[in-house]
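Data block below; observations after.
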């Protein structure tokens, strides 16, 4: 059974109040990770609680692991920095509910699998990562099965510009390394304006976490002109699915 699509937001600026029926998974990234201080900048201390106040928002903290080459101690330290927000300020709404692990590998080795298992265990056991303690991997392409079974809660199985996503090479790998829709995420950039709605309609059957933008550069720092159309397409797809369910 397909899960409803969730908007995957790789920044903390947001159009959430105008779309209360759409779920948003917001990646909080103060400084290519949590930064070197126990708390993020004042902007994040102010804005993250506003995000967490919305019932349709889940916030996750960003870390990157250099394809399992980063020392585990450094990775654990960053996870604990995010966890520390809640330990000190949960009452104010400053917390995250999971970790977005960037630069995860897609090719299996025993060492890589053990590294990712250790990161997953650390996140799931951290008291300061709240609620579902989501673990999200971003290899940007479907990983070998040994890195995903049982693996994380969600995998970004495709992070590509539109032209490459449509190409034979990417489509072939997506067919060969298939992951179920509820666990899959897609982040597609450089989408022609006229293709936003049909692409969302296609992707929502492939992944339950979606980010689609017309921007070619700096697409994780700002919204493109297509942003409102993208979120509206998600909402339209939800309504259409609800209508079909009611007819059945």
Among the candidates 142, 150, single out the residue that is surrounded by fewer than 21 Cβ atoms within 10 Å (Cβ to Cβ) and farther than 22 Å from residue 59 by Cβ. 150
In region 75-103, what count of residues is obtained for those that are in contact with a strand residue (DSSP E or B) (Cβ under 9 Å, 6 or more places away or on another chain) and over 16 Å from residue 131 (Cα atoms)? 6
Number of the exception - residue 165 against (1) over 18 Å from residue 70 (Cβ atoms); (2) touching a strand residue (DSSP E or B) at 6+ places or on another chain (Cβ under 6 Å); (3) touching a residue at least 40 places away in the same chain (Cβ under 8 Å): (3)
With respect to residue 160, is the statement that it is touching a strand residue (DSSP E or B) at 6+ places or on another chain (Cβ under 8 Å) and surrounded by fewer than 20 Cβ atoms within 10 Å (Cβ to Cβ) true? yes
With respect to residue 132, determine if the residue is surrounded by fewer than 23 Cβ atoms within 10 Å (Cβ to Cβ), assigned to a loop (DSSP other than H, G, I, E, B) and touching a strand residue (DSSP E or B) at 6+ places or on another chain (Cβ under 7 Å). yes
Does any residue of region 83-90 turn out to be in contact with a helix residue (DSSP H, G or I) (Cβ under 7 Å, 6 or more places away or on another chain) and modelled with pLDDT of 95 or more? no
For region 1-68, give me every one of the strands (runs of 3 or more DSSP E) that falls completely inside it and has 2 or more residues that are modelled with pLDDT of 90 or more. 23-28, 57-64
Are any residues in region 91-100 touching a helix residue (DSSP H, G or I) at 6+ places or on another chain (Cβ under 6 Å) and closer than 25 Å to residue 158 by Cβ, and if so, which ones? 96, 99
Hey, could you check region 71-109 for residues that are without any contact (Cβ under 8 Å) to a residue 40 or more places away in the chain and not in a loop (DSSP other than H, G, I, E, B) and say which is surrounded by the fewest Cβ atoms within 10 Å (Cβ to Cβ)? 73
Selection from region 187-202 of residues that are in contact (Cβ under 8 Å) with a residue 60 or more places away in the chain and in contact with a helix residue (DSSP H, G or I) (Cβ under 9 Å, 6 or more places away or on another chain): 200
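The values are calculated or read from the model by the stated rules, or taken from the named source; none is laboratory data. Just so it is clear, the structure is predicted and the values come from calculations on it, not from any experiment. With ideal geometry, Cβ positions are generated from the backbone for all residues, glycine too; neighbour counts draw on all protein chains shown.
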